[in-house]
Structure formats: structure tokens, C-alpha cells
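Encoded as C-alpha cells, the structure appears first; notes follow it.
The values are calculated or read from the model by the stated rules, or taken from the named source; none is laboratory data. Treat the numbers as computed from the prediction; the structure is a model and nothing was measured. Cβ: placed from backbone, ideal geometry, glycine included. Neighbour counts: every protein chain shown. Accessible surface areas use protein heavy atoms only, side chains included; no ligands, DNA or RNA. Shrake-Rupley method; radii C 1.70, N 1.55, O 1.52, S 1.80 Å.
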Amino acid sequence: FIDMDYIVGSNKQIRQLKDSIKKIAKSNSTVLISGESGTGKELIARSVHSQSDRANRPFIAVNCAAIPDSLLESELFGYVKGAFTGASVQGRVGKFELANKGVIFLDEIGDMPLVMQAKILRVLQEREVDMVGGTKPIPVDIRVISATRKNLENMIREGTFREDLYYRLNVINIHLPPLRERTEDIPCLVQYYMDKLNREYKRNVGISKKVIEAFYRHSWNGNVRELDNVIKGAYAVCDDLEILPSDLPTKFEFKDENAVSYTHLTL
């Protein structure tokens, strides 16, 4: 169960997002979550599931970019025994069937090949799946939440993403802003990750103001995921008292002692 408190931030867009999730969760409409890598798209999908009537039903996550094209159909739809060379003799239930009565999260839907896009469209239209090698469709009651880091509208123009599938997926749209557009949330995000690590390791490590200042100047191409990883790495090498500039990777910049300080940016 993902509580709304897991969505950390006081940025206007984040506050609006939290309000929207409560409303979105009440429907069964498909949701498309867009945003750069590392912005927390799966967290939002899990939050929608947790706030919905399907909260006690399965949440099945599938990373479409991580499964080879040749295996994607059998992973999503399952297969009957003997369906192809190397198939399990027992057959296998697919992700859509596993998500029955719950939610299936199709992450990086923009990486799905065109052939599979047509099959996903049919599932959304007919609410049934065809197992590989099967002869009878299997009805499924699912809510589909998808996510992408890519611009699907550009992909439609390029002919690499189906327009009809896009409109089926994009009934409700959620866009997650990159961290560089919500830098005011850096202190509360840092505090969240530091508290989490201190609880886990039963320590009381703090963090230098100079480190926070450097965080404000960083571009954060990896977004919140990158911030989380940087803090974990610095925490692992710091002493027992405080994370210092010397504990950060060399890509971070630090101003000299005479530079203007971000005195208002404190944890």
C-alpha cells in the first residue's frame, strides 16, 4: 500500500497532483503518466491503485523496455503448454491475467513494438486476452495505467506509435515535472531520504548546508532517482556525523567561502 505521504514535495504541481490522484483513483479509466526517467512514475501508478477500489487486488508492473520483443507477447498474455519450443510444459499465466480485478502498469509503453501495440489495443477494446497457442479468449477485468519518458505524439507523427492506442491510453493524463523544475522540493526530499536511511541503519547522520547548496545548482538529469542514489552513496562513505561536500561525486560544484550562500535553503 502506497500512502500519499510517499509523494514528497510542496511544489504547486505536486500539490495539484496529490489532489488529482484522489479523484482519478475513483474511476476505472486508463491513465497515461508522462515524465523523464527518474521522476517517480511507478510511485504515482501505485498511489492511484492504493487509493482506488482495487487497492486490495493485484498491482502488476511490467517494464516494456526490459523485455525482449520476442518474449513480450508470452509475458503479457501467457501461453499454453507446448505453445513454442522451450515453453514450460505447464504453460504460463500472463501478466494481464495475473492483474485480473486489479491494475496492470505498463511502464515505458513507448518502447513497445508496433505489433504488440495492436494486441494491447485489442485488450483495451475487448477486455480479453489470447494466450500464445490458445484457442479461447480469456476475459479480464483490469485497469490499465501506462507510463512513458518519450513524446508519444511525436512518435505518432513518425509512425512508431499507434494513434488509436494513444487515445485509448491517454484518457487521463498525468505529467510529472523534472526535479530541476521543482528545486524548492529538494530540502524535503533530502530530509525524507535521510530520515529513511537513519531509521534503517539506526544512526543520526546530518547533511551539510554546502551539500544542499550544491544540490540546488545540479542539473539532476536523473531526477528524484538520481538524488536518492547520490544521498545513499554519500551516506555510505560519510563519517557518523554529517554528509560533507567531500562525500559527493566530483560532478557536484561548490562555491568558495566568499560566495553568496543559500542561507534560506535549510533542512
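A few comments on the model shown:
- Pairs, first charged (D, E, K, R) in region 226-251, second open to solvent by 60 Å² or more (accessible area, probe 1.4 Å), C-beta under 6 Å, six or more apart: ASP247/VAL237
- In summary, LEU241 fulfils each of the numbered conditions (1) at pLDDT 95 or above; (2) exposed (fewer than 12 other Cβ atoms within 10 Å of the Cβ) with the single exception of condition (1).
- Residue tally, condition open to solvent by less than 60 Å² (accessible area, probe 1.4 Å) and either of a type in the set (Asp, Glu) or part of a strand (DSSP E or B) (or both), over region 142-172: 7
- Close pairs from region 42-66: first farther than 19 Å from ASN173 by Cα and touching a residue at least 60 places away in the same chain (Cβ under 8 Å), partner surrounded by 20 or more Cβ atoms within 10 Å (Cβ to Cβ) and hydrophobic (A, V, I, L, M, F, W, C), Cβ under 8 Å, at least 6 apart: ARG54/VAL103
- Look at (1) modelled with pLDDT under 95; (2) assigned to a helix (DSSP H, G or I); (3) of a type outside the set (A, V, I, L, M) and you find that PRO249 fails only one, number (2).
- Hey, HIS175 under 26 Å from LYS150 (Cβ atoms), more than 21 Å from the chain's Cα centre (by Cα) and either buried (at least 17 other Cβ atoms within 10 Å of the Cβ) or not β-branched (Val, Ile, Thr) (or both) or not: no
- Total residues in region 179-204, condition among the β-branched types (Val, Ile, Thr) and either surrounded by 18 or more Cβ atoms within 10 Å (Cβ to Cβ) or free of Cβ contacts under 8 Å to residues at least 24 places away in the same chain (or both): 2
- Those residues of region 20-45 which are in a helix (DSSP H, G or I), of a type in the set (D, E, K, R) and under 19 Å from ASN229 (Cβ atoms), in sequence order: LYS41, GLU42
- Among (1) over 23 Å from VAL211 (Cβ atoms); (2) more than 21 Å from the chain's Cα centre (by Cα) - the single one PRO187 does not satisfy: (1)
Okay, residues lined up against (1) at pLDDT below 95; (2) of a type in the set (Lys, Arg):
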{"site": "SER74", "(1), (2)": "yes, no"}
{"site": "ALA87", "(1), (2)": "yes, no"}
{"site": "LEU121", "(1), (2)": "no, no"}
{"site": "GLY134", "(1), (2)": "yes, no"}
{"site": "ARG143", "(1), (2)": "no, yes"}
